[in-house]
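First the structure, in the form of structure tokens, and then the observations on it.
Quick note: the coordinates plus some simple rules give every number you see, no bench work behind them. Remember, predicted model here, so these are calculated numbers, not experimental data. Because the Cβ atoms are built from the backbone with ideal geometry, glycine has one as well, and the counts that use them run over all protein chains shown.
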Amino acid sequence: MAYTALMDEDSARWLAGLDEPEGITHLGNGKVRFSKSAYAYLRNVPSHMDGHIDSHDRVCLSEGSYQLTRSR
């Protein structure tokens, strides 16, 4: 299982370039895939930090939030 989100290119590149967690892939055109382990990691990032996933399955960054969609 994985999750995907559409966002602006700069945010997608930033997330994919993080050292931790592994499992974030920029697929192009602002589409980002999060592995199950990356999703779990980002759900536990404190809410005041960029990149956390909130309880509504949104990736939250300083410039906005992006809805995640579950995929197989």
Exercise. Using a cut-off of 15 Å between beta-carbons, work out the net charge of the residues near N29 (Lys and Arg +1, Asp and Glu -1, N29 not included).
Key: 0
Quiz item: In what order do V32, V45 fall by count of nearby beta-carbon atoms within 10 Å, going from fewest to most?
Solution: V45, V32
Quiz item: Under a 5 Å amide H to amide H cut-off, with H placed in plane at 1.01 Å, what residues pair with K31 once short-range neighbours are removed?
Solution: M7
Quiz item: Taking +1 at the Cβ of each Lys and Arg and -1 at the Cβ of each Asp and Glu, which of S62, L18, N29 sits farthest along the dipole of the chain towards its positive end, judged by Cα position relative to the Cα centre?
Solution: N29
Quiz item: Arranged by the count of other C-beta atoms within 10 angstrom, fewest first, what order do M7, M1 take?
Solution: M1, M7
Practice problem: Would you mind computing Rg(Cα) / (2.2 N^0.38 Å) for the range 9-72, counting N as its residues? | Solution: 0.99
